[in-house]
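Shown next, in structure tokens, is the structure this report addresses.
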Amino acid sequence: MDIRNLNCFIAVAQYLNFTEAAKHLYIAQSAVSRNIAELEKELNVKLFNRNRHSISLTSSGEYLLNEAFKITSLLREAMAGTQKRA
């Protein structure tokens, strides 16, 4: 799992749409799908319930979303703190 995977996951979870998440991230929709597939494979869980018309978070996805917000917030704080000391 890396920050790229988490950022893709957060965007899809927020928009509940792969295409909109891709637009927000300025990457191809296929790249978003690939990142989510990699994350699901690595964690060995399904993060989204998908059907032809909608997607929603699974309980595992809801848990990861909460943790992903914490992780990305800590990363931003670490970057800012490091830059202040430069």
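The values are calculated or read from the model by the stated rules, or taken from the named source; none is laboratory data. Bear in mind the structure is a predicted one, so any value in this text is a computation, not a measurement. FYI the Cβ positions are ideal-geometry reconstructions off the backbone, even for glycines, and counts take in every protein chain you see. Quick note on the areas: whole protein, heavy atoms, side chains included, nothing else; ligands and nucleic acids left out. Shrake-Rupley method; radii C 1.70, N 1.55, O 1.52, S 1.80 Å.
Summary table
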{"item": "Nearest 10 degrees, 0 to 90: helix 59-84 Cα axis against the chain principal axis", "result": "20 degrees"}
{"item": "Accessible area (Å², 1.4 Å probe, nearest 10) - residue 30", "result": "60 Å²"}
{"item": "Residue 32 - accessible surface, heavy atoms, 1.4 Å probe, Å² rounded to 10", "result": "0 Å²"}
{"item": "Cα-based reach from residue 70 at 20 Å (exclusive), listing aspartates and glutamates while leaving out same-chain residues under 8 positions away", "result": "2, 40, 42, 62"}
{"item": "Qualifying chymotrypsin sites (Phe, Trp or Tyr not before Pro) in the chain, DSSP loop, other Cβ atoms within 10 Å at most 16", "result": "26"}
{"item": "Residue 77 accessible area, 1.4 Å probe, all protein chains in place, Å² to nearest 10", "result": "110 Å²"}
{"item": "Debye, to nearest 20: dipole size of the chain, +1 on Lys, Arg Cβ, -1 on Asp, Glu Cβ", "result": "180 debye"}
{"item": "Accessible area per residue in Å² at 1.4 Å probe, computed on the chain", "result": "68 Å²"}
{"item": "Accessible area of the chain belonging to carbon and sulfur atoms, whole % at 1.4 Å probe", "result": "53 percent"}
{"item": "Inter-part distance where region 53-86 and region 16-42 are each reduced to a Cα centre, Å", "result": "16 Å"}
{"item": "Whole-percent pair-distance distribution, where bins are 5 Å wide, for the alpha carbons of the chain", "result": "3, 15, 24, 24, 17, 8, 5, 3, 1, 0"}
{"item": "Given 14 as the ceiling on other Cβ atoms within 10 Å, longest exposed-site-free region of the chain for trypsin sites (Lys or Arg not before Pro) in DSSP loops", "result": "1-45"}
{"item": "In degrees, nearest ten, helix 29-43 long axis to first principal axis of the chain (Cα)", "result": "80 degrees"}
{"item": "Inter-label distance, nm, simple model (7 Å from Cα along the C-beta direction), residue 53/residue 74", "result": "4.1 nm"}
